[in-house]
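Below you'll find the structure, written out as structure tokens, and then a few comments.
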Amino acid sequence: MQSSPPRALVLTGPTASGKTAVALSLAEVCPLEVISMDSALVYRGMDIGTAKPTTAERSLVQHHLIDIRDPAHAYSAAEFVLDAQRLIAEVSARGRLPLLVGGTPMYLKALIEGLDALPPAQPALRADIAAQATSLGWPAMHQRLQALDPITAARLSPNDSQRIARALEVHAATGQTLSSLQTRAAGTDQPSLHQGGQVAAIVSLEPSDRAWLHQRIEQRLRAMLDAGLLDEVRALRQRPDLHADLPSMRCVGYRQAWAALDAGGNEASVRTATEQAAMAATRQLAKRQLTWLRGMPQRTTVACDQPQAHRTAVQQMLALLQQHHL
């Protein structure tokens, strides 16, 4: 009889929901290794603005997929899936629990449902789209996408240049919408969540009161600024191979700090501009993350803004480990 593939537990939730702290608490009672499921933590030299686990925290528990990519080079969902599948097998072989932790639902969706069978990149089309965006602006390109593919446009920020360009490129190349191709791919014989896939269960930290999360975001952003976020971005700006349009520099916080530094002014005005723009962008990010997660009915939710939420999350995860024989 063929043995079942190794499986992982997932801990997810919007930004600032407390995922790292819960993961470290679970590690105190369960032998595990953390596999980061965060599209920003892969980049070296981007520590403060990504809320990267500290050196001390990473010394307590083995972490994977952190600091694996230079900011000049992109990291894709396809690469994540390959890396995560390999690491789940390796961690399981060591007799430890693979715990996927992070707030990039696109990575989780790709791991569960498989990668979309999309057309390869079309550099000429992409260059034409970029030229139009330079003239019209990305919000206008987002409106164009809204007319062509409202489903994809609804889940993208009007300034998400990378994904807007990709969706427009796919439509121009195939005459089909990105959302229709993704739906078709999701209907193929990919391993499902509870039918042999590598994800056994998902625990999602989600607030019952959005105001609680907004307060957490505000506190964390101010702590990042106090810790030297602007200096971190200044150091990145000194590199001739980095620019504002790279995926790494479009991460929330970095994009806004870069723009504020471009605008100039004294330290106080740059900090204020960064704080205001990053606060709004982070709230929008959290909203998009929650929208993605609510499309995953198989998840187990824990109200992260309730008393004893931390303990409740750990207890829920331990129960799922027993239920799924992990």
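Determine the sum of side-chain charges near SER269: Lys and Arg each +1, Asp and Glu each -1, restricted to other residues whose C-beta is under 14 angstrom from that of SER269.
Details: positive: ARG271; negative: ASP262, GLU267, GLU275.
Neighbourhood net charge equals -2.
Residue ranges 77-85, 262-270 sort as 77-85, 262-270 when ordered by packing (mean number of other C-beta atoms within 10 Å per residue, highest first). Multiplying the residue separation of THR54 and ILE151 by 0.36 nm and subtracting their alpha-carbon distance yields 31.1 nm. Please list, by residue number, everything in the range 16-59 whose backbone N is under 16 Å from a paramagnetic label point 7 Å out along Cα→Cβ of ARG311. Taking a point 7 Å out along Cα→Cβ of ARG311, the residues of the range 16-59 whose backbone N falls under 16 Å are 22, 25-26, 29. Normalised radius of gyration (Cα atoms, divided by 2.2 N^0.38 Å) for the chain: 1.01. Which FRET efficiency value, to the nearest 0.05, do you get for ALA244 and TRP212 by plugging their Cβ-Cβ distance into 1/(1 + (r/R0)^6) with R0 = 35 Å? So the FRET efficiency works out to roughly 0.60.
Relative contact order for the chain: what percent, with Cα pairs under 8 Å and sequence separation of 6 or more? Working shown, then result.
Numbers: 455 pairs, mean separation 86.7, N = 326.
It rounds to 27 percent for the chain.
The calculated 222 nm mean residue ellipticity attributable to helices in the chain amounts to -17000 deg cm²/dmol, summing -39500 (n - 2.57) over DSSP H runs of n ≥ 4 and dividing by all residues.
Per-residue counts of other Cβ atoms within 10 Å, averaged by peptide: what ranking do you get for 64-70, 318-324, highest first?
Details: 64-70: 17.9, 318-324: 13.3.
Top of the packing list down: 64-70, 318-324.
Summary of packing: across the peptides 30-37, 128-135, the per-residue average of other C-beta atoms within 10 Å ranks them, highest first, as 30-37, 128-135.
Taking 0.36 nm per intervening residue step and subtracting the Cα-Cα distance, what contour gain separates ALA130 from ALA21 on full extension?
On the way: separation 109, 0.36 × 109 = 39.24 nm, distance 4.05 nm.
Extra length available between ALA130 and ALA21 comes to 35.2 nm.
A straight line joining the Cα centroids of the range 154-184 and the range 77-106 runs 27 Å.
In this label model, GLN122 and THR272 are separated by 4.7 nm, measuring between points 7 Å along each Cα→Cβ vector. Maximal additional length on extending the ALA235-HIS325 stretch stands at 27.7 nm, based on 0.36 nm per residue less the C-alpha distance.
We did not get these values from a lab; they are worked out from the coordinates using the rules stated. Just so it is clear, the structure is predicted and the values come from calculations on it, not from any experiment. Counting neighbours? That spans all protein chains shown, and the Cβs are built from the backbone with ideal geometry, glycine included.
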